[in-house]
Structures are given as structure tokens and as C-alpha cells.
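S.K.: Structure in C-alpha cells, see below.
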Amino acid sequence: NKMRFSAFGYLNDSNVLRDGGVLRARQKFVGPMSPVPGKAAQTNGLNEWDPNTGQFIPNPDSKDAKATTDAFGITVQDSGVMNYLNKFGQITPGTYKSKDPVGELYYAALRYYRNLGNVPAWTDMTGANGTTKTTWIDGFPVITNWDDPIQYSCQRNFVLGIGDVYTHADRNVPGNSVTANEPAMPAEVTADKDVNAVTA
């Protein structure tokens, strides 16, 4: 009732040169009600389950699903934080991303908290055909127009990383100069002088 959630992941592209993280679900309340400071809770229009049946709603963030369909020409009918965690990798069965750039995924989450916006190179699908795009999108929104997830100056923020041991080429982050198995560092990342991963 008091926590908002978002979800980041990757494009389902196992090319070692595929960088970055992708916002799959914006930060929001996922339950039937949303708290309002100083007032009674209100009905949540983006709830992810039916309060009467308990069943998950397949496409609670339909605007982001439609925006992905419009931008990339691939129909997206699923959305939501919980649906993404439960169903990623099921649109193309048995096809899961390998060579996960987890350092860049974590940096993408930090960019979201800092309201810096998507890095277009991380969501770029130039040259991909319909089958490839379907695999990369993996049935869920690829959100390129980020909102600001911070609502209050006292807001506490947490990142929970879920992954495996197979991380590769994940160092295209501010402060790094090692270029092996990495594409050119995106200009948005180079321009971020407030973070230095090597110093940290």
C-alpha cells in the first residue's frame, strides 16, 4: 500500500555489443488503491490485479504497450511490473538473453532515479526485421520517454537486482575507459560527470 515499483530489463538481444538497460514498467503503485498524502486512498487506475478475483490484469499499462507498438511496429499486449517478472522470455519460448550487461542495467536504474532519461542507443532497433524485433521486445513495453519517479524529497529508493552469473561486457558506464567488447560509449553516458564507476 505504501511502495511503488518499476521494472528494468534488457532487450532480448544476446549480441555482446548490445548495451544498457531498458525501462519495462514505470514506477507506480501496483495494488487496487493508491495512497494520497493527507487524504483517503484513491482507486488506482494502473492496478495489476483484480481486487475481486485476485487475477492478474494482462495489460495494466496499456498506454506504454501501445506506444511500443506504435514506435517499433510490433504488437505488445502485456505490461506491468509483476507480469514482466513472471512472463519475460515466454513470448519466444526458450529464448533468454545471454551476455547480460548488469553494470549498465544498474546504471540505467540510477539514471531513472536521477531523471536523466533513456539512452536511445540502448533501445535502438535500427536494421532489425520483424522477427528480430519481436524477440528483442519480448512482448513487453520498451519505454523510451521516461518520467520522473521521485515524488518527494524524503522518498527512499531501493534497487533489487535479479540475475545470474553470466554477465558480460557491462562496463560502458561513466568513468570507464576499457573498450574491449564494447560499442562506442553513448554520448548521454559520456556526458554524465556526476558518476564515476571506477572511482566508486
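S.K.: If you take the residues of the stretch 163-185 that are under 21 Å from the mean Cα position of the chain (by Cα) and without any contact (Cβ under 8 Å) to a residue 24 or more places away in the chain, which of them is surrounded by the most Cβ atoms within 10 Å (Cβ to Cβ)?
M.R.: MET185
S.K.: Further, regarding this structure: Are any of the residues in the stretch 91-102 open to solvent by less than 30 Å² (accessible area, probe 1.4 Å) and more than 21 Å from VAL165 (Cβ to Cβ)?
M.R.: No: zero hits.
S.K.: TYR152: of a type outside the set (Lys, Arg) and loosely packed, with under 10 Cβ neighbours inside 10 Å, yes or no?
M.R.: Yes: the conditions hold for TYR152.
S.K.: (1) open to solvent by less than 70 Å² (accessible area, probe 1.4 Å); (2) basic (Lys, Arg); (3) more than 30 Å from THR190 (Cα to Cα): which one isn't true of LYS39, the others all being true?
M.R.: (1)
S.K.: Give all pairs with beta carbons closer than 6 Å in which a residue from the stretch 78-96 that is at negative phi meets a residue that is part of a loop (DSSP other than H, G, I, E, B) and of a type in the set (Val, Ile, Thr); count only pairs at least 6 apart in sequence or on separate chains.
M.R.: VAL81/VAL30
S.K.: For the stretch 53-90, give me the residue count where each residue is in contact with a Pro (Cβ under 8 Å, 6 or more places away or on another chain) and open to solvent by 40 Å² or more (accessible area, probe 1.4 Å).
M.R.: The qualifying residues number 2.
The values are calculated or read from the model by the stated rules, or taken from the named source; none is laboratory data. This structure is a prediction, so every number in the text was calculated from the model and none was measured. Neighbour counts run over all protein chains shown; Cβ positions are idealised from the backbone, glycine included. Remember, those area values only see protein heavy atoms, side chains included, never the ligands or the DNA or RNA. Shrake-Rupley method; radii C 1.70, N 1.55, O 1.52, S 1.80 Å.
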